[in-house]
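Comments concern the structure below.
The values are calculated or read from the model by the stated rules, or taken from the named source; none is laboratory data. This one's a predicted model, so the numbers in the text were calculated from it and none came from an experiment. Note that we place each Cβ from the backbone using ideal geometry, even for glycine, and neighbour counts take in every protein chain shown. Areas reflect the complete protein model, heavy atoms only, side chains present, ligands, DNA and RNA absent. Shrake-Rupley method; radii C 1.70, N 1.55, O 1.52, S 1.80 Å.
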Amino acid sequence: MTGFAARWAVLGLALFVFLTPVVWLVLMSFKPEDQWVSSPPDWIPNEWTIFSYQYLWDEGTEARTITGGDAAGGAGKNALFNSLIIVCSATAAAMLIGTLAAYSMSKFRTGGKNFALWVLSIRFLPPIIFTVPLLLIFNDIGLINTYHGLILIYTVFAIGFVVWMMKGFFDEVPRDVEESARVDGCSWFGTMWRISLPLVVPGFVAVLLLTFILLWTELLFAVIFLNQDKHTIPVELFAFFSASRGIAWGPQAALSIMAIAPILAFALLIQRYLIRGMTFGAVRE
């Protein structure tokens, strides 16, 4: 009984620590302007308002900032659309290319025993060291401040992670099952599509979510390769802390909720696959 109570106490403490910032963001996003920096702080809004979300969505809305002056609205809507376009496209491209490459490495030993590790090694280096050469190349070929330029960068940097993870999942597929399909006349691509991929769907979904999160939260390349009209959500959140923009806590909290919502919705949608995918191959007979 004591152990049961202790486990619930630890779980409750963990939930409190992790959920408190999220609850604070939600409450702050519905506070009126005069409560953003009230002293002492008002934890519960005395007047609930959706002004912060209107500010992010409506270009004609203005908000008072802590640094003085007014900041024009509408940037949150643009940032959300930019992030969805870029991240969804890059995630789809990385999953397609990475899954095919991982299957080839798993079943045909393409590139040798350590090729998958070499592909993953791109992630070992700090991304900042790639920015100067990429900036010069992209400037010459006209990919600065374009969707497809950042999609290309995101795809390349996500492929290593996808290949490494998916190869491990494909390695767990019994070879006898695939050989039976081959004997029945199925091509290698057909074997992967009809046999191997359905068997690793939980792992595929887990990698899909992790790749989406990895790219959704990326800041460095988005700051360098995109101008203000194509800012993603992480860049727009970062811009709120600049002196030129000013600090508006309500819209910042609302934009944070907008950043969390797609990831949370995606995770809830695939939750029946997620836990199994995270533990796929953990137990061997």
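The table below lists the values:
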item	result
Average accessible area per residue (Å²) across the chain - probe 1.4 Å, nucleic acids and ligands excluded	56 Å²
Share of carbon and sulfur in the accessible heavy-atom surface of the range 105-171 [1.4 Å probe, %]	72 percent
Candidate lysines - alpha carbon under 20 Å from residue 230, same-chain residues fewer than 8 apart omitted	77
Among 197, 208, 153 the positive-end extreme of the charge dipole of the chain (Cβ point charges)	197
Magnitude of the charge dipole, the chain, Cβ model with Lys/Arg +1 and Asp/Glu -1, debye to 20	1020 debye
Lys/Arg +1, Asp/Glu -1 at C-beta; the chain dipole; positive extreme among 100, 234, 12	100
At 0.692 mPa s and 37 °C, Stokes D of the range 70-155 from Kirkwood alpha-carbon radius, µm² per second	211 µm²/s
In Hz, Karplus ³J(HN,Hα) per residue of the range 144-154 (6.51, -1.76, 1.60; θ = phi - 60°; x = Gly, Pro)	6, 6, 10, 4, 5, x, 6, 4, 4, 4, 4
Within straight-line cross-link reach of residue 107, lysines at Cα separation under 16 Å, skipping those fewer than 8 residues along the same chain	167
Angle in degrees between helix 249-269 and the longest Cα principal axis of the chain, rounded to the nearest 10	30 degrees
Accessible area of the range 9-59 belonging to carbon and sulfur atoms, whole % at 1.4 Å probe	73 percent
